[in-house]
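Take a look at the structure set out below.
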Amino acid sequence: MKAIKGRVVKGLQKNSRLVAADNSGAKIICIISFKGGKTVKGRKPYGGVGDYITASVKNGNPEMRKKVVNAVIVRQTKEYRRSDGMRVKFEDNAAVIIKDDKGNPKGTIVKGPIAKEVVGRWPAVAKIAKSVL
């Protein structure tokens, strides 16, 4: 996985609720774990924009509900600083559901903007995004 430029503050933790920002059938997902997260023993894992997560679908189509899915965080409400000095924050926490480890998204469109940090790490998600902020 490619490194992110800038200091992305890890604004989300386990059991945080996210909006599913794609048309995969899920509406709200809950974070179960963070893939590839490194912390001190005993510390709770946390993540931010561009992180790969495992989540449970809480609301959505009957076929998608109660399923465990992989996703990528594309927006967070906690403000973070980019390397050029600009500070960025979004109105909601959102993720895009991924169907395989290569980063191919399950849906075909992304609702709302995604962060620029996601584009470098997950190019397949960036292809279906309408706007990058």
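Where a number appears in this text, it was derived from the coordinates with a stated rule and is not lab data. Keep in mind that this is a model prediction, so the values were computed, not measured. Positions of Cβ are generated from backbone atoms using ideal geometry, with glycine treated the same way; all protein chains shown enter the neighbour counts.
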Only counting other Cβ atoms within 10 Å, I'd like M86, M64 sorted with the fewest neighbours first.
M86, M64
With the Cα gyration tensor of the range 1-48 in hand, give its eigenvalues times 5 under a square root as the equivalent ellipsoid semi-axes, listed largest first in whole angstrom.
22, 15, 10
Pick from V40, V119, V19: which is most flexible by mean-square fluctuation in a GNM of the chain where alpha carbon atoms under 10 Å apart are linked?
V40
Percent of Cα-Cα pairs more than 18 Å apart in the chain, please.
49 percent
Under 19 Å from K111, Cα to Cα: lysines that are on another chain or at least 8 residues apart
K27, K58, K89, K99, K127, K130
Which loop chymotrypsin sites (Phe, Trp or Tyr not before Pro) in the range 49-133, with loop taken from DSSP, have no more than 10 other Cβ atoms within 10 angstrom of their Cβ?
none
Choice from P105, P123, P62 showing the highest fluctuation, given a GNM over the chain with Cα pairs closer than 10 Å
P62
